[in-house]
Every structure is written in C-alpha cells, then in structure tokens.
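So the structure is just underneath, and the comments pick up after that.
The values are calculated or read from the model by the stated rules, or taken from the named source; none is laboratory data. Please read all numbers here as calculations on a predicted model, not as lab measurements. Every residue, glycine as well, gets a Cβ built from its backbone with ideal geometry; the counts of neighbours run over all protein chains shown. These area figures cover heavy atoms from the full protein model, side chains too; ligands, DNA and RNA do not enter into them. Shrake-Rupley method; radii C 1.70, N 1.55, O 1.52, S 1.80 Å.
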Amino acid sequence: TIERACERHLGPWAGLRAALWPDQGADQHRAELAQTLAAADPRDFACVALTGEGACVGFAEAALRSDYVNGCETSPVVFLEGIFVAEPYRRSGIARLLCRAVEAWGHVRGCSEFASDAAIDNAASHALHRALGFVETERVVFFRKAVGAAEAGDA
C-alpha cells in the first residue's frame, strides 16, 4: 500500500532515509522530517510503501520546483528529491508505485514534467530511473572556489 507520509511513519521513514543518506543518523532525519511535516508546505510531498502487515519498506519525497530544472521546459516541475526501497523488497514494483503517487500529486498541481537527479557515478540509480521511464537529459559536474582566496601572485 502507498500512503501519504505522516507523523505515525516518522520512525521507520527516518530509518529508511538514514539508509539512503547515511551522512545523518536516523534521529537527525526524524527531527528534520518532523519539522517538514509541521510546516505543512503544500509544495512538498512524501509517501511511504507499507506491507500488508503495516511495515514501512520504502519512501519517496518530492517537491514542486518553480526555478529552472535541468532538462525541463515547463514550470513548475514535480521533482523527485529521494526514493528508497528496503533491500528485501526491491525489484517488486514498489519504486514504480511510489513514483506513480508522486507523479499523480504533481499532475494535480499542474505539472507536465517529472524530474530527478542522481550522482554521476551512481549507476544503480541511473538504472532505476530508466526503468521508471525517466530519460537522461544531461550530465553535469559542479565546481566551487572560495571567494577571496587570492592566488599568491595576484596582489
């Protein structure tokens, strides 16, 4: 079953998020998710996948983006911020169901495009996106330089 994520899903949802984004622990994810749910921003959406017994085994998070989204021609765009399905439940159609829920949410809000991104070296994510019907639009490498970090001979 796919349900819109809510407060009762916080614990397992945060655990799944920590598996996808391990730079933060489940407690940090839970606090962030609680703030997101409390804010009730209509431009954010999250859904969870539940087994018949009610165990949370996957999630998808999305947002409406009105700024430029690489590879898209319209605005707003429904943007898949993250998707994750627990290992034993992968390759069973859950990610497809989660994406359908996100896509339907975006369609109701006037979106005609559904976008996402993945790290350039994340081949598994690329394969998942293709399997879900996404088409690669471009590849980008971002750069940064600290402002005010003058080279030795520039003065």
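If you take the residues in the range 9-45 that are among the hydrophobic types (A, V, I, L, M, F, W, C), without any contact (Cβ under 8 Å) to a residue 24 or more places away in the chain and within 19 Å of Glu87 (Cβ to Cβ), which one is least open to solvent (accessible area, probe 1.4 Å)? Residue satisfying both the conditions and the ranking: Ala14. Within the range 130-143, residues that are within 15 Å of Cys72 (Cα to Cα) reach partners that are open to solvent by less than 80 Å² (accessible area, probe 1.4 Å) and aliphatic (A, V, I, L, M) with beta carbons closer than 9 Å, at six or more positions or on different chains, in the pairs Phe134/Leu80; Phe134/Ala115; Phe134/Leu128; Thr137/Ala115. Within the range 143-155, being modelled with pLDDT under 90 and either of a type in the set (A, V, I, L, M, F, W, C) or open to solvent by 100 Å² or more (accessible area, probe 1.4 Å) (or both) holds for Ala149, Ala150, Glu151, Ala152, Asp154, Ala155. For Ser92, indicate whether it is open to solvent by 70 Å² or more (accessible area, probe 1.4 Å), part of a loop (DSSP other than H, G, I, E, B) and free of Cβ contacts under 8 Å to residues at least 24 places away in the same chain. Criteria met by Ser92.
Please verify whether the range 106-117 includes one or more residues that are exposed (fewer than 12 other Cβ atoms within 10 Å of the Cβ) and either out of contact with any strand residue (DSSP E or B) (no Cβ under 9 Å at 6 or more places or on another chain) or of a type outside the set (Phe, Trp, Tyr) (or both). Yes: one or more hits. Taking the range 80-89 as the range and being assigned to a strand (DSSP E or B) and either of a type outside the set (Val, Ile, Thr) or open to solvent by 20 Å² or more (accessible area, probe 1.4 Å) (or both) as the test, the residues that pass are Leu80, Glu81, Gly82, Ile83, Phe84. Within the range 115-136, which residues are at pLDDT 95 or above and β-branched (Val, Ile, Thr)? The answer is Val135, and nothing else. From the list Ala26, Ala55, Ala60, the one residue that fits, being within 13 Å of the chain's Cα centre (by Cα) and on the phi < 0 side of the Ramachandran plot, is Ala60. Need the failing condition index for Arg100 against (1) outside any helix (DSSP H, G or I); (2) among the charged types (D, E, K, R); (3) surrounded by 13 or more Cβ atoms within 10 Å (Cβ to Cβ), just the number. Unmet for Arg100, out of (1) outside any helix (DSSP H, G or I); (2) among the charged types (D, E, K, R); (3) surrounded by 13 or more Cβ atoms within 10 Å (Cβ to Cβ): (1). Just to check your reading of the model, which residue among Val69, Val48, Val77 is open to solvent by less than 60 Å² (accessible area, probe 1.4 Å), under 16 Å from the mean Cα position of the chain (by Cα), without any contact (Cβ under 8 Å) to a residue 40 or more places away in the chain and under 24 Å from Leu128 (Cα atoms)? Just a single option satisfies the conditions, and that option is Val77.
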